[in-house]
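**Student:** Sharing a structure here in C-alpha cells format.
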Amino acid sequence: MPQRSHVLRQLLVPVAALGLALGAAGTAAAHVEVNSSRAQALAVDAEVGFSAEGESSTAGITDVKVTLPTGLVPGDITLVKAPDGWKLTATADGYTVAGPALAPGTAAEYTVKVRQLPAAATVVFKTLVDYSDGHTDRWIELPQGDSKPEHPAPVLALRPAAPGATPLPATAVPAPKPSASATPSAAVSAVASAPENPSATITLRVGSSPSAAADADGKKDDGGNTTAIVLGSLAGVAVLAALVVLALRRRSAGGGQ
C-alpha cells in the first residue's frame, strides 16, 4: 500500500505542474487582436477590427481605450460596429469605445474605419481594457530585441502602398470659438438748474447707467466706474461753483438797485 501511494504521488506531481503551466499559458495568451482586410500603407477608408479578450470570470469589459500611432488623429477614426449600446468618443490622443458591461469572459469586439492608414510598415494601437470591477489590462508593451513582452500592444502589419497612392490632406481640426465678453460701460450725468431768484436750487446726479456691464469674469468693473464717478464729481463741483458765483452776482446787483 505505501508503495502504491508513492507511485500515485509521483504521477500527480507532473500532472499538477502541467496544469499550472497550461493555466499560466492561458493567461499569457489573452491579448488584444487587430486585423484588417485592407492592411496596406496609405489605404483609404480601411476598416480595422479589434478583439479584446475578456480575462475575468467575475467582471465584464466596460470600455477599451486606444492611443493612436503617429500619422493618425482622433478625427480620422469613425465607429463601424461595436457591442450593443457602445459608442466611440474621441480623446486627446486617440479614442474610447465604451458602453454597458459585457458578460464576464466575453471579448469586446468592434470595428472602426480609418480615413487613411499611415505610410508605415506597422501600426501600433496601445490599448487599455477596463473591467466593471475597476481592474485594467494594459496592452501597451513593444518587443525589446528578441524578448516577447508579457502584455504586447496590438500591432497591424501593413503591406507596401499601392503604386500612385498619396497621403490625403491633414484632417482639419476645428478652431476654438472665441468667447463673447461684455464691454464695461459707465455714464456720468450732471444736471444743474439756477432759478432767477437768489435761493437757487442745484441738483447734481453722478453715477453709472443701468446698462453698466460686468467684466468677463462676472465681477464688477470697479475701476471704470470709480474713474467715471471721480470725473463726474469734478465736473459737478465746477458747475456748482459757477452757479454760486452767478447767484451772488445777481443778488449783489439786485441789492444795488
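**Student:** How large is the convex hull of the C-alpha atoms of the stretch 118-175 per residue, in Å³? Walk me through the numbers on the way to the answer.
**Tutor:** Values: hull volume 8.8 nm³, N = 58.
In the stretch 118-175, the Cα convex hull volume per residue is 152 Å³.
**Student:** Grab the Cα-Cα distance for ASP146 and THR91, subtract it from 0.36 nm times how many residues apart they are, and report the gain in nm with one decimal.
**Tutor:** Taking ASP146 through THR91 to full extension adds about 16.5 nm, to one decimal.
**Student:** Let me ask something else. For labels at GLU33 and VAL73 in the simple 7 Å Cα→Cβ model, what's the distance in nm?
**Tutor:** 3.4 nm
**Student:** Going by C-beta contacts inside 10 Å, put SER37, SER132 in order with the fewest on the left.
**Tutor:** Ascending Cβ contact count within 10 Å gives the list SER37, SER132.
**Student:** Extending each Cα 7 Å along its Cβ direction at SER51 and VAL80, get the distance between those two points in nm, one decimal.
**Tutor:** If labels sit at SER51 and VAL80, their model points lie 1.5 nm apart.
**Student:** Around TRP86, under 14 Å between beta carbons, what's the net of Lys plus Arg minus Asp minus Glu among the other residues?
**Tutor:** On the way: positive: LYS65, LYS81, LYS87; negative: ASP63, ASP84, GLU109, ASP130.
Residues near TRP86 contribute -1 overall.
**Student:** What full-extension length gain, to one decimal in nm, is calculated for LEU168 and ARG115 as 0.36 nm per residue of separation minus the Cα-Cα distance?
**Tutor:** 18.2 nm
**Student:** Based on the alpha-carbon gyration tensor of the stretch 31-157, what equivalent-ellipsoid semi-axes (square roots of 5 times the eigenvalues) come out, in whole Å, largest first?
**Tutor:** Working: eigenvalues 107, 66, 28 Å².
Equivalent-ellipsoid dimensions as semi-axes: 23, 18, 12 Å.
Values quoted throughout were computed directly from the atomic coordinates according to the rules given, and no laboratory measurement underlies them. Quick caveat, the model's predicted, so the values are computed rather than measured. So basically every Cβ, Gly included, is an ideal-geometry build from the backbone, and we count neighbours across all protein chains shown.
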